[in-house]
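The structure appears right after this line, and notes come after that.
The values are calculated or read from the model by the stated rules, or taken from the named source; none is laboratory data. What you are looking at is a predicted structure, and each value in this text was computed from that prediction instead of being measured. Cβ placement follows ideal geometry from the backbone for every residue including glycine, while neighbour counts extend to all protein chains displayed. Each accessible area value is taken on the protein alone, full model and side chains, heavy atoms only, with ligands, DNA and RNA left out. Shrake-Rupley method; radii C 1.70, N 1.55, O 1.52, S 1.80 Å.
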Amino acid sequence: MHFRIDHAQARGRTLLMAMTSVSALTLGAVCAMAQDVDPQAVVNIGSLYEPQNLDNTAGAGQGINEAFNGNVYEGLFVLTDAGDVEPKLVDSYTTSDDGLVYTFTLKDGVTFHSGDPMTAADVKTSIERVTAEGSASSRKSTLDVIDKIEAPDDKTVVITLKTASISLPYNLSYVWIVNDAAEDISASEDGTGPYMLQEWRRGSALAMVPFDAYWGEAPSNGGVMFQYFTDATAQNNALLTGAVDIITSVQTPDALARFADNPDFTISEGASTTKELLAYNDRVAPFDNVEVRAALSKAVDKQKLLRAVWGDYGTLIGSFVPPTDPWFVDLTDVNAYDPDAAKQMLAEAGYPDGFTFTLDTPNYDPHPIVAQFLQNELAKVGVEVKINIITANEWYTKIYKAHDFQATLQEHVNHRDIVFYGNPDFYWGYNNPEVTRLITQSEAAPDTDTQTDMLRDANEMIAQDAASMWLYLYPQIVVSTSNVTGYPLNGLNSQFFAADITKAD
Amino acid sequence: MLGYILRRLVILLLSLFIAAVVLFALLRLLPGDPANALVGVGATPAQIAAAQAQLGSDQPLGAQFLGYLGDLARFDLGQSFVSRAPVIDEITTRLSVTLPLTFAAFGLALVIAVPLGILAAVKARRWYGLALSVVSQIGIAIPVFWLGILLVYEFSLHLRWLPSGGFPLRGYADPARAVQSMILPVITIAIVMSASLMRYVRAATLEVLGSDFLRTARALGESRTHALIRHGLRNGAVTVVSVLGIEISTTFLGAVVVEQVFSLPGMGSMLLLGIQQRDYPNVQGVLIISTLLVLLTGFLADIAQRLLDPRLRQERR
């Protein structure tokens, strides 16, 4: 489910048009046709996420995915903006009956920006770049399942797995196919995408121009320039003065008023994958008790919290799964707001007078505000919250590594990350053998439908178990000048596909 | 004079060494390992260990410190933990923004402050002399980032005369846009700096006006203006130059703040980002180079003061 707010409707701020992002894009394209689209126009994109270098296996940060995924580099598969996994550089592939051997046939006529043709050897080295010992890729462990990669001929890649993995195509969508002749790509590139890097000025901007020999459809604009800001206000000012055409993600609702009442701008809201949650340490009392967790979940009015933090934007979620995951199901009714029932459940669980716990709260937005809200809400059912403010580094050492906490707040940004609930050693220590079994075995599912069914079951179970308190899903807000259309709305995995963006005169 | 310069140079190098030691120690007192920041949440212990080995953050502090001093002596600031690029390269690129910004702002501040400061002193009893003093007092109280925001609001968002921030991709190869993007930041710093400079100039001029030599010059028949220009300026300049060293360092720090407001890719944003990412080489590099620049200005200001004031030149220490 995706929402798009038209500026005219946003004035009333009541009417939301629900449509798939595909139809939203089509509509956008039709609107743009009415004006004169300039296919040579350079689209200026404002962003707060400058890459640290240009190599996604060398700690470049999320900014490199935004700038390069699907634009400069492509994978064997692509994670589309709607959340589907589709073939990209793969023409077709087969899986052996035991699910252990994947045979990929590569697309013909794909060349790198340097002019070299893409071959199976390039694919092999590209995957090995991610799994290499020195690789700092956050996706490295998802490819641990690979036993060996072979390239029997230029067009064929055979991947043999240690155990069956239905998610392999999805995980491969994170792997850039890089020319194996390119050695260091931390300051240059050699990909197959529709754009080539033109120039990058650290701290300032990164420009890309269309690649003339691109195998697919040529971009519908004359190039893209990402302009980087360290300050959200400066970024908004740049949009207001026309220095940039789009800003990729708005982090607070405060600035939106300036754009909402102005017909020169379009505010689009997509579905993000960023979940704000209160994670209990499910190993320790009283949070090892399902009744207690469910009671606390019922004690908190999440709608009110979302309004306080995001105004009219954002979505409520009943579990950890965002709408763009295939196993999403609306679970907001499970353990829904009901303070009276919460009190009663607490009494039944042996806490008629409530209890006290410490909430380790990261010191950056929105966590401190959320913590105070929870403190108020839970006080109403007799539970006292002690707020302990910590830094991101302390969070990492104390909570993520040492599991030394009662409860904490955190935002989890990844797509398809329900798998964390299948790992009893994860920081929140949720341990339901049935969920672990479902999540583990779903990887060995014979097809994606079975996988989806199993993970949907797991999703419903964690919701019933109130494994954590899922507060809300961040909105994904993109603001643009109204003559620019065709940009991605959901920005999954921080991606920002630029090739379909059009700019009218 | 040569002996003085040499002595002064030794003090400069010694100060730099002490600064290097303090910086190294302070950075290591920060909690958190840069390896964690580099590989991110979700990394395996093996990945973290590999990152530590690669960064050298697994070595004993003593070994890290000796390596660091050795590199410094060879003007090698190392490689960024995060971008893997040589620190000195990034600093050079960013100084090409920060230094012009600093000097242009300081030059403009002098152009504003010197005549107005003298005027405020000469006409101290007239209403506009008083008004100038009041305005400069207010100017000192204005935070530089706040003034920057106000100027953006008026000249970028409202009047649309100048860009609200950013720096062209091609830098000075795109001179018109590069200069445009510098105008508001330069004015912002210059206004705030000129306020405090004006007070120094005013005080120095008042002192000169009350001096015996000026009275003598007037007694010999020179007009007040003529006497002030012929004898007063140079004498006043001695006092002003002595604070210039400090003032220009303040301007440099102001530039670091203002860069943030205007999204300029200078030393300021490099420093902030480096701190966030525990990128020790970058942070160390920026701080060492900034310290060097500040010490160097102080050094030059001291020498300039000696050249201006023959009494100091005669002094033997």
Original post:
What is the Cα radius of gyration of region B:164-317 over 2.2 N^0.38 Å, N being its residue count?
Top reply: 1.40
Original post:
Out of B:G117, B:G171, B:G285, any idea which swings most in a Gaussian network model of chain B, alpha carbons joined below 10 Å?
Top reply: B:G171
Original post:
What aspartates and glutamates sit close enough to A:K148 to cross-link, taking a C-alpha to C-alpha distance under 14 Å and skipping anything fewer than 8 places away on the same chain?
Top reply: A:E128
**OP:** Would you please name the chymotrypsin sites (Phe, Trp or Tyr not before Pro) within region A:266-366 that are DSSP coil residues with at most 12 other C-beta atoms within 10 Å of their C-beta?
**Re:** A:Y364
Original post:
For region A:77-172, rounded, prolate or oblate, judged on the Cα gyration tensor with a ≥ b ≥ c (square roots of eigenvalues), a/c < 1.5 rounded, else prolate if a/b > b/c?
Top reply: rounded
**OP:** Quick one, can you get me the convex hull of the C-alpha atoms of region A:299-458 expressed as volume per residue in Å³?
**Re:** 132 Å³
Original post:
Under 5 Å between amide H atoms, partner at least 5 residues away or on a different chain: which partners does A:A187 have, H built in plane at 1.01 Å?
Top reply: A:L54
Original post:
Where in region A:233-265 does accessible area fall by at least 20 Å² between the isolated chain and the complete protein assembly, at a 1.4 Å probe radius?
Top reply: A:A234, A:N237, A:L240, A:T241
Subject >> Dipole of chain A [Lys/Arg +1, Asp/Glu -1 at C-beta], most positive-end residue of A:V101, A:L76, A:A463 >> reply: A:A463
**OP:** Return an integer: the convex hull volume of the alpha-carbon atoms of region A:367-463, in Å³ per residue.
**Re:** 127 Å³
**OP:** Against the globular-protein guess of 2.2 N^0.38 Å, express the Cα radius of gyration of the protein assembly as shown as a ratio, rounded to two decimals.
**Re:** 1.10
**OP:** Sort B:L6, B:L151 by accessible area with a 1.4 Å probe, largest first.
**Re:** B:L6, B:L151
**OP:** Could you tally the net charge around A:K162, taking each other residue with its Cβ under 9 Å from the Cβ of A:K162, Lys/Arg +1 and Asp/Glu -1?
**Re:** -2
**OP:** Select from region A:179-209 all residues whose loss of accessible area on going from the chain by itself to the full protein assembly reaches 30 Å² or more (probe 1.4 Å).
**Re:** A:E199, A:R201, A:R202, A:G203, A:S204
Original post:
Hey, what did chain A get for relative contact order, percent, Cα under 8 Å, at least 6 apart?
Top reply: 23 percent
Original post:
Rounded, prolate or oblate: which fits region A:261-338, taking a ≥ b ≥ c as square roots of the Cα gyration tensor eigenvalues, rounded meaning a/c under 1.5, else prolate when a/b beats b/c?
Top reply: prolate
**OP:** Return the loop-located GluC sites (Glu not before Pro) in region B:224-317 (DSSP other than H, G, I, E, B) with at most 11 other Cβ atoms within 10 Å of their own Cβ; answer none if there are none.
**Re:** B:E315
Subject >> Solvent-accessible heavy-atom area per residue, rounded to whole Å², over chain B at 1.4 Å >> reply: 51 Å²
**OP:** Leaving ligands, DNA and RNA out of it, work out the accessible area of B:L209 with a 1.4 Å probe and give it in Å² to the nearest 10.
**Re:** 40 Å²
Original post:
Can you put B:L29, B:L119 in order of accessible area, largest first, using a 1.4 Å probe?
Top reply: B:L29, B:L119
Original post:
How much accessible area does A:L197 have with a 1.4 Å probe, in Å² rounded to the nearest 10?
Top reply: 40 Å²
Subject >> Most to least accessible of B:V144, B:V10, A:V292 (protein chains only, probe 1.4 Å) >> reply: B:V10, B:V144, A:V292
Subject >> Interface residues, region A:56-94 - accessible area loss of 10 Å² or more versus chain alone, probe 1.4 Å >> reply: A:A58, A:G59
Subject >> Amide H partners (placed H, <5 Å) of A:S319, local residues excluded >> reply: A:L331
**OP:** Among DSSP beta bridges whose residues both lie in the protein assembly as shown, state the antiparallel percentage, nearest 5.
**Re:** 75 percent
**OP:** Given the options B:G107, B:G210, B:G266, state which has the largest fluctuation in a GNM of chain B using a 10 Å cut-off (strictly under) for Cα springs.
**Re:** B:G210
Original post:
What Kirkwood hydrodynamic radius do you get for region B:55-203 when you take the inverse of the mean 1/r over all pairs of distinct Cα atoms, in Å?
Top reply: 18.6 Å
**OP:** Could you name the aspartates and glutamates whose alpha carbon sits less than 18 Å from that of A:K304, not counting residues in the same chain fewer than 8 places away?
**Re:** A:D254, A:E276, A:D312, A:D333, A:D338, A:D340, A:D365, A:E377
**OP:** Please give every one of the lysines within straight-line cross-link reach of A:K155, meaning a C-alpha to C-alpha distance under 16 Å, and leave out same-chain neighbours fewer than 8 residues apart.
**Re:** A:K88, A:K107, A:K124
Original post:
In region A:394-505, what percent of the accessible surface is made up of carbon and sulfur (1.4 Å probe, ligands and nucleic acids excluded)?
Top reply: 48 percent
**OP:** Add +1 for every Lys or Arg and -1 for every Asp or Glu among the other residues with Cβ under 14 Å from the Cβ of A:A41, and state the total.
**Re:** -4
Subject >> Per residue, in Å², the accessible surface of chain A once ligands and nucleic acids are set aside, probe 1.4 Å >> reply: 38 Å²
Subject >> Buried accessible area, chains B and A (both chains, 1.4 Å probe, Å² to nearest 100) >> reply: 3000 Å²
